[in-house]
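The values are calculated or read from the model by the stated rules, or taken from the named source; none is laboratory data. If you're wondering where the values come from, they're calculated on a predicted model, not measured in any experiment. Glycine gets a Cβ as well: all are built from the backbone with ideal geometry, and neighbour counts include every protein chain shown. SASA here: full protein model, heavy atoms, side chains in, ligands and nucleic acids out. Shrake-Rupley method; radii C 1.70, N 1.55, O 1.52, S 1.80 Å.
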Amino acid sequence: MTVRDPISVPDADGRARRVTRRFPLFTRDTARPEGGGRAASGAAPAPARQWPILVVLVAVGAGLLLTALDQFRYGTMLVGVALLGGAVLRWVLPGVGMLAVRSRFTDVVTYGLLGLTIVLLAMMVQPNPLLEIPFLKDTLHFTVSS
């Protein structure tokens, strides 16, 4: 009989089985996140298998290029929209390849919140903001004057 770790014991057939919910001291591998398989068949070339993350990365790259070309607001808005698009792809598609990092819920919430935050902040950039939040100015004056 082989006992693989200190929290597994042999059952009646001699196979090691876990008797506790504690994690073993050393993990041997990690589980792939749900949806972390290929986005296209194995016969497709590597870029085609990972098209969801490539779409998001190309959009982020274009946003960074716009930002570098002195179009800060539009560039950062494109970065945020790319993250929102990544959240939508992660939510809708069953397999998104390397765009899947954690569970589907965690990825959608993370991509969505980051994308929405970046878009909203880009819309509030001075001068001539596209979005004005009235209580934000009062909050800033209150915290600075106190």
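Values computed for the structure shown
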{"read-out": "Any pair with Cβ under 8 angstrom, 6 or more apart, that starts in region 37-57 at a residue that is of a type in the set (S, T, N, Q) and ends at one that is open to solvent by 70 Å² or more (accessible area, probe 1.4 Å) and assigned to a loop (DSSP other than H, G, I, E, B)", "value": "Gln50/Arg38"}
{"read-out": "Helices (runs of 4 or more DSSP H) lying entirely in region 1-99 (those with 3 or more residues that are among the small types (Gly, Ala, Ser) and modelled with pLDDT of 95 or more)", "value": "51-68, 72-92"}
{"read-out": "Residue match in region 112-131 (condition: part of a loop (DSSP other than H, G, I, E, B) and either buried (at least 16 other Cβ atoms within 10 Å of the Cβ) or charged (D, E, K, R) (or both))", "value": "no"}
{"read-out": "Residues within region 43-69 that are closer than 22 Å to Val92 by Cβ and of a type in the set (S, T, N, Q), tallied", "value": "1"}
{"read-out": "Near pairs, Cβ below 8 angstrom, 6+ apart or cross-chain, from region 89-109 (crowded, with 16+ Cβ neighbours inside 10 Å) to any residue that is aromatic (Phe, Trp, Tyr) and not in a loop (DSSP other than H, G, I, E, B)", "value": "Arg90/Tyr111; Gly97/Trp51; Arg104/Trp91; Val108/Trp91"}
{"read-out": "Any hit, region 116-127, residues being under 30 Å from Ala44 (Cβ atoms) and in contact with a Pro (Cβ under 9 Å, 6 or more places away or on another chain)", "value": "no"}
